[in-house]
Each structure stands twice: as structure tokens, then as C-alpha cells.
Amino acid sequence: MSFTADVKDELTRVIPTCSHCDKATLAAIARIEGTLLFSGPGRYKLEIATEISSVARLVIRSLHTLYKLKTELTVRRSVLHKTPNYLITVPSQPNLEPALHDLGILAKTGIEMGILPHLVEKTCCAAAYLRGAFLGSGFIAEPRGDFHFEITVESEELADGLVQLMADRDINARVLHRRNSYIVYLKSGEAISEFLAFVGAHQCALAMENERVRKSVRNEINRKVNAEVANQAKSAEAAIDQIVSIRKLAESGKMAELSPGLQEFVKLRLQNPDASLKELGQRANPPLSKSAVYHRVRRLEEMAKSL
């Protein structure tokens, strides 16, 4: 199973906090994954499709329990992905139109575009609505790769409403308009973990956090290794330049004119071609600071340059 499927499976098993949470979850799923068909005054038919069997069971159970609606289930198999697809059909019946208004799908003058306040009045219901939105069209990339989270909706008002519900919990989401859809997305691993914890996917949030910490440690190690390699390369280049200067002085017969301090440095450098200036200073007699050794290097290179 993908990480997205794991999250959705865990979310379907979250126990609602209050009696209205199931309604909020169902409302979000129906808004995002539902198709409303109209065949005349007061004659509606609702179809909800999902690829997750546990989501299908949740939708059917909620429709039966909350609104006493009759449902039909059709199991289809995707030719492209070779995976089952569950189509839940709610045929026209007396209880359907009031349920559509209560779920925030139908408005007095047509289709409801935003989120009805009464569905998300409590914090637990806001979490339930976000839970349903993710169950509908949510996606999270595998945590071992780049962090990416998105929920796809069809109206800008609904996208803005989801962003506001997250913002109320200090989860900063953004909206991207793509063709005829609006993408509510998160790019931060921390924000994704906070979302999962808020909507009740605590096990997946823990897995996400573990992966985020692992990435952080790995990146820190890589940074230190790269810095160390760069320092070693820089020290090696400097050592080569110093040896070249020493050879120039030797070929010109100037070695005897060097001060005792410079002669000591020449000896230490030739004996320890890979050592850093700090290490050469520690091997001097008496030991020298790195700045003192660097001062001798500057004098040596200036003499070689003047030849």
C-alpha cells in the first residue's frame, strides 16, 4: 500500500469526538468525491466514488445512520491501474434533498460553493471535515522522498475554506489553480505531520515525523562531510602552493638565507605534506598557533614570488 492509502485507512478508523463529527466527514467526502445528478424538481441522485474500501464502508454507514438513505454499491475495476473502484449511488428518495442541504451540498439558489459554518463550528468537527476532505481527494508523497501534500477540489471557495480551517490550527497551506481544479497543498514536513496529528492519523504522523528527523540528521551529516571535504581540498591546494614556493627557493639557492623559523617550517612541510597549518604548528618546537604558522607561510610565498 502507498503512504496515502495507509493514511486514509487510519483516518476511517478514527472515533468521532462528538455526534456531529460523522456529518462533517461525510459532508467533505460528498462535496469532493460526489456527483449530483438532477432529473426534475426535487429529483436528485448522488454518486460518490472512491478507491479505498474502508472509505466506501464509512460513507455507506454514515448515509444509513445519519439520514436513513438507501444506497447501492457497484464495485468496478480500473483497466489502467488494475485496482478496484467503489461507486456508491444514492437514488432519488424523499430524504435525499434535505440531506443534501444539511451536508452543505445544495443551497437555496443552487449548489453550495463554500463550507457551511454549522458543519465546522467545533474544533473536533473542523478536524472531521478536514479528515473527510483528505479521504476524498487527499494525497501525500512517500515520506522517504520529497515532502508533498495536496487536496484537490473544484471550487475556489471550498479551497479557501480548507485553507482557513488549517490556518486556525497554525497549519499554513496554499492554493494552486490547475486547469479546472484548485489544489490545497503543503510542502513542509512539519506542517504535514501537524495536519495528520490534527485529523487523527497519529500513527502516520509519527512515521512522518521519524522520517523528517532522519532526513534532518542525514542532511546535517552530509553538510558536515561536504564542509570537511572542502576544507581538506583547500588545505591540500595550499600545501601544494607552499611546496612549490619551497622548491623555487631551493632552486635559486636561497634556502640558506631563510630565518630559523622559516627553515623549521620548510622542514615540517616537506616531512608532512598532508598536514594542516594547525597540525604543523603543534609539531613545531616550541608549538605555534595557526596564525603564527600562517605568518611564516606568507613570508615564504612572498620571497618565492619575488624571484
(message) Criterion first (under 21 Å from Glu228 (Cα atoms) and outside any loop (DSSP other than H, G, I, E, B)) does Gly281 satisfy it?
(response) yes
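In segment 3-16, which residue that is more than 18 Å from Thr152 (Cα to Cα) and touching a residue at least 24 places away in the same chain (Cβ under 8 Å) is nearest to the chain's Cα centre (by Cα)? Walk me through it before giving the result.
Within segment 3-16, the first condition is being more than 18 Å from Thr152 (Cα to Cα), and the residues that meet it are 6, 9-10, 12-16.
Still in the list and also touching a residue at least 24 places away in the same chain (Cβ under 8 Å): 6, 9-10, 12-14, 16.
Numbers: Asp6: 16, Asp9: 20, Glu10: 19, Thr12: 22, Arg13: 24, Val14: 23, Pro16: 27 Å.
Going through the qualifying residues, I end up with Asp6.
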(request) Return the residue satisfying two criteria in turn: it lies in segment 158-194 and is closer than 21 Å to Ile111 by Cα and exposed (fewer than 13 other Cβ atoms within 10 Å of the Cβ), and of such residues it is modelled with the highest pLDDT. (result) His177
(request) Only one of these is in a loop (DSSP other than H, G, I, E, B) and out of contact with any Gly (no Cβ under 6 Å at 6 or more places or on another chain): Asn210, Asn172. Name it. (result) Asn172
(request) State all residues of segment 26-45 that are in contact (Cβ under 8 Å) with a residue 40 or more places away in the chain, more than 23 Å from Thr83 (Cα to Cα) and of a type outside the set (Lys, Arg); if no residue qualifies, say none. (result) Leu26, Ala27, Ala28, Leu36, Ser39, Gly42, Tyr44
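Say whether the condition of being over 21 Å from Glu301 (Cβ atoms), of a type in the set (A, V, I, L, M, F, W, C) and in a helix (DSSP H, G or I) is met by at least one residue in segment 228-249.
Taking every residue of segment 228-249 in turn, at least one turns out to be over 21 Å from Glu301 (Cβ atoms), of a type in the set (A, V, I, L, M, F, W, C) and in a helix (DSSP H, G or I).
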(request) Output the residue which, of all residues in segment 198-247 that are free of Cβ contacts under 8 Å to residues at least 24 places away in the same chain and crowded, with 18+ Cβ neighbours inside 10 Å, is farthest from Leu277 (Cα to Cα). (result) Ala205
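The values are calculated or read from the model by the stated rules, or taken from the named source; none is laboratory data. These figures come from a predicted structure and were not determined experimentally. Note that each Cβ is placed from the backbone with ideal geometry, even for glycine, and that neighbours are counted across all protein chains shown.
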